[in-house]
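One structure is given here, and the rest of the page talks about it.
The values are calculated or read from the model by the stated rules, or taken from the named source; none is laboratory data. The model shown is predicted, which means the values in this text are computed figures rather than measured ones. Because the Cβ atoms are built from the backbone with ideal geometry, glycine has one as well, and the counts that use them run over all protein chains shown. Accessible surface areas use protein heavy atoms only, side chains included; no ligands, DNA or RNA. Shrake-Rupley method; radii C 1.70, N 1.55, O 1.52, S 1.80 Å.
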Amino acid sequence: MKKFFVVLSVAFVLIIIVAAILFAEPLYKNIQDTEPYPFYNGPYNLIAHGGGAIDGKVYSNSLEAVEESINAGMKFVEIDLIKTSDGKYISGHDWKLFNDITDNTERGDEPMSFAEAKKAKIHGEYTVMDEKDIIALMEKYPDWVLLIDKARDIEHLAEVFAPYRDRVILQVYGLIGYARALRADVKYPTLRLKGGRRGVKEIYKVFMDWMNVKSVILGEKSFEKNLDYIGELHAKGTTVILYGNPRFKIVENPTEIKKYLNKYIDLVDTDTLRSLD
């Protein structure tokens, strides 16, 4: 009985917090907007993961990888952003990997300063990007869509990329993050959805429905555990983005992707694929 009251109390507190955030203007109108995301109304279903593979190397998040992906016809490119020790963003999946691929393994997961990171070379030859570099690519190539991952400074990113909000998908974490993104006037937030071994919790589904979450992104393991629910989301117009890595069985396999496309998923975050042909 005591455990029940604890759970009930926590749920009540969460409801109050979420409600306080949700009904702050202009958020309420954004939630009521039922128009689905337009991204899957065309022939493009693939996202170049981490900038896309270049010379067989993945997760580089390099300028050269992004340009190569765009020139190969990719409509969507994901770029991971990590924060330097002095509080600025550069392109990278995480600091441990960044240090490894810039020949700074002795640093472990220690962040570099912005100046140090910008001088580093990825795999000895590729260019590290900052926000200005990404914006320059948005201007140079006006037809691609950017998916931003890893960064948690929602309000900052909303401001930086405001001129390009029609071409930016921002991955957010948790329903509070989704609400913050709407309040910051992010046009296309996508909610990172974790299913776990037992699937998405029913109370979480209720909140997602109430908030009219219009896009989710999830990994292959969560996808498999929640296939029926993902089908339900997709059927009511929610954009579903699937990610993974080469070890998994769907995201690098055109046959598997086609099996789920337009019924469960709309976009697939892939390292090496450039088409489904």
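Residue ranking by accessible heavy-atom surface, 1.4 Å probe, largest first, among 229, 243, 178 comes out as 243, 229, 178. Once all protein chains are placed together, residue 96 keeps about 100 Å² accessible to a 1.4 angstrom probe.
Of 150/236; 205/225; 75/150; 214/263; 221/259; 83/132, which ones are farther than 18 Å apart at the Cα? Among 150/236; 205/225; 75/150; 214/263; 221/259; 83/132, the Cα-Cα distance tops 18 Å for 150/236; 75/150. If the segment from residue 141 to residue 105 were pulled out straight at 0.36 nm per residue, it would be longer than the present Cα-Cα gap by 9.6 nm. Calculate what fraction, in whole %, of the accessible area of segment 110-154 sits on carbon and sulfur atoms when a 1.4 Å probe is rolled over the protein chains. Reported share for carbon and sulfur atoms: 51 percent.
Taking every C-alpha pair closer than 8 Å and separated by at least 6 residues, the mean separation divided by the residue count of segment 173-218 gives a relative contact order of 45 percent.
Measuring r between the beta carbons of residue 276 and residue 221 and using R0 = 22 Å, the FRET efficiency lands at 0.50. Listed by chain and number, the aspartates and glutamates placed with their C-alpha closer than 14 angstrom to that of residue 201 are 209, 228; residues fewer than eight positions away on the same chain are left out.
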